[in-house]
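Asker: Following this message is one structure expressed as structure tokens.
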Amino acid sequence: MGESEAPSQEDAALLYGAEYYASHCGPVAYDRSRPEWASFFGNVADELIRAFRPHKAFDAGCAHGFLVEALWDRGVETHGRDISAYAIEQVRPDVRRYCAAGSLVAPIEGYYDLLTCIEVLEHLTEDDGMQAIANLTRASSTIVMSSSPSDFEEPTHLNVQPPLYWMKAFAEHRFRPVIDVALPSITPHTLVFRKDAETPGAAFLSACAEIVRCRIQLHEERHRLTAERSALSRSLAVFDADYYTQVNPDVIEAGCDPLEHYVTYGRLEGRFPNAAFAAAVDGIVHGYHTRQAP
């Protein structure tokens with residue numbers, strides 16, 4: 001969606017309703033029926049408290065208030081704001097009075113030890129995002145923000161940018177990225193900013209952006225290896241050495257151990273670990289060709 005198609009603040013408030021939270025926040029619906037969210041934000045709250053020890057916090061774009069309530073439950077006075085009146089209605093009743101429906105383009109009243117803004121700024125146009133950043137930086141000297149650098153598919157994402165873009169935007173308000181504080185429970189691209197006496201230089205920001213890029217790359221590689229290890233474990237659990245050597249006589253001829261050959265070469269070459277697996281793949285391929293036949 002281009003900037004010219006961006007919704008007004010009134011339309012945006014309606015856009016982020018029940019359907020959005022049910023189907024636009026990842027594979028798991030964003031609501032209280034899913035225990036994953038309480039666990040996720042509980043871990044985030046614990047990490048924020050360990051890193052910053054705040055007494056008073058503000059969550060910009062608080063949605064259903066999961067982080068607000070998690071921090072309150074841990075003794076941190078926390079307030080929040082979200083564009084969606086629907087989302088604010090979903091906030092837990094005992095902390096709902098600390099959350100308000102409204103835009104981040106409007107000033108934030110008060111001052112906070114810690115301000116969080118998690119996966120929010122990419123939903124704003126560039127102009128509104130810059131105004132929101134100006135408001136955020138007036139409300140706290142320590143800001144934790146994350147904004148997806150790669151999710152261009154979500155239709156409500158109006159301004160997807162790399163970390164360096166956000167670093168430069170916060171630097172205009174003399175906020176320096178703090179690279180030695182990582183918050184992996186949120187996202188690998190999460191950024192921490194602190195108010196500084198001077199504007200950070202371009203070379204420093206570029207170096208920080210490179211560190212974050214490497215952090216994201218490392219996270220993706222870990223995710224890939226975990227998935228690969230899981231797939232391999234499933235294959236090994238049903239590995240049939242007799243079947244493997246019967247259909248792959250070259251393995252015996254080469255004097256290789258069947259399991260070692262499969263792990264090192266066979267699985268990468270598309271060889272099957274057992275007869276049932278081979279039959280299943282055969283059935284899928286046969287079914288595909290049958291459907292394609294005139």
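Asker: Restricting segment 72-89 to residues that are of a type in the set (A, V, I, L, M) and over 9 Å from Leu114 (Cβ atoms), which is surrounded by the fewest Cβ atoms within 10 Å (Cβ to Cβ)?
Answerer: Once the filter is applied, the top-ranked residue is Ala85.
Asker: Does any residue of segment 41-59 turn out to be of a type in the set (Gly, Ala, Ser), in contact with a Ser or Thr (Cβ under 7 Å, 6 or more places away or on another chain) and modelled with pLDDT of 95 or more?
Answerer: yes
Asker: Which condition number in (1) more than 24 Å from Leu15 (Cα to Cα); (2) assigned to a helix (DSSP H, G or I); (3) of a type in the set (Gly, Ala, Ser) is the one that Ala87 fails?
Answerer: In the conditions (1) more than 24 Å from Leu15 (Cα to Cα); (2) assigned to a helix (DSSP H, G or I); (3) of a type in the set (Gly, Ala, Ser), Ala87 misses (1) alone.
Asker: Do the conditions hold for Ala171, that is, is it among the hydrophobic types (A, V, I, L, M, F, W, C), more than 29 Å from Arg222 (Cβ to Cβ), in contact with a Leu (Cβ under 7 Å, 6 or more places away or on another chain) and touching a residue at least 60 places away in the same chain (Cβ under 8 Å)?
Answerer: no
Asker: Looking at (1) in contact (Cβ under 8 Å) with a residue 12 or more places away in the chain; (2) under 31 Å from the mean Cα position of the chain (by Cα); (3) part of a loop (DSSP other than H, G, I, E, B), find the lone condition where Arg271 falls short.
Answerer: Unmet for Arg271, out of (1) in contact (Cβ under 8 Å) with a residue 12 or more places away in the chain; (2) under 31 Å from the mean Cα position of the chain (by Cα); (3) part of a loop (DSSP other than H, G, I, E, B): (2).
Asker: Answer yes if at least one residue in segment 175-194 is more than 24 Å from Arg50 (Cα to Cα) and of a type in the set (Asp, Glu), and no otherwise.
Answerer: Scanning segment 175-194, I find no residue that is more than 24 Å from Arg50 (Cα to Cα) and of a type in the set (Asp, Glu), so the answer is no.
Asker: Could you grab me the full set of residues in segment 23-56 that are open to solvent by 60 Å² or more (accessible area, probe 1.4 Å) and either part of a loop (DSSP other than H, G, I, E, B) or more than 14 Å from Leu67 (Cα to Cα) (or both)?
Answerer: Ser23, Pro27, Arg32, Ser33, Arg34, Arg50, Arg53, His55
Asker: Does Phe66 count as of a type in the set (A, V, I, L, M, F, W, C), open to solvent by less than 40 Å² (accessible area, probe 1.4 Å), under 23 Å from His189 (Cβ atoms) and in contact with a Leu (Cβ under 7 Å, 6 or more places away or on another chain)?
Answerer: No.
Asker: OK, next. Out of the residues in segment 201-242 meeting the condition of being at pLDDT below 75 and open to solvent by less than 60 Å² (accessible area, probe 1.4 Å), tell me which one is nearest to the chain's Cα centre (by Cα).
Answerer: Ala227
Asker: It is to be established whether one or more residues within segment 192-200 are out of contact with any Phe, Trp or Tyr (no Cβ under 6 Å at 6 or more places or on another chain), under 23 Å from His79 (Cβ atoms) and either open to solvent by less than 40 Å² (accessible area, probe 1.4 Å) or hydroxyl-bearing (Ser, Thr, Tyr) (or both).
Answerer: Looking for residues that are out of contact with any Phe, Trp or Tyr (no Cβ under 6 Å at 6 or more places or on another chain), under 23 Å from His79 (Cβ atoms) and either open to solvent by less than 40 Å² (accessible area, probe 1.4 Å) or hydroxyl-bearing (Ser, Thr, Tyr) (or both), one finds at least one in segment 192-200, hence yes.
The values are calculated or read from the model by the stated rules, or taken from the named source; none is laboratory data. What you see is a predicted model, and the numbers here were worked out from it, not measured in a lab. No Cβ is skipped: glycine too gets one built from the backbone with ideal geometry, and neighbour counts run over all protein chains shown. We work out accessible area using only protein heavy atoms, side chains counted, and drop any ligands, DNA or RNA first. Shrake-Rupley method; radii C 1.70, N 1.55, O 1.52, S 1.80 Å.
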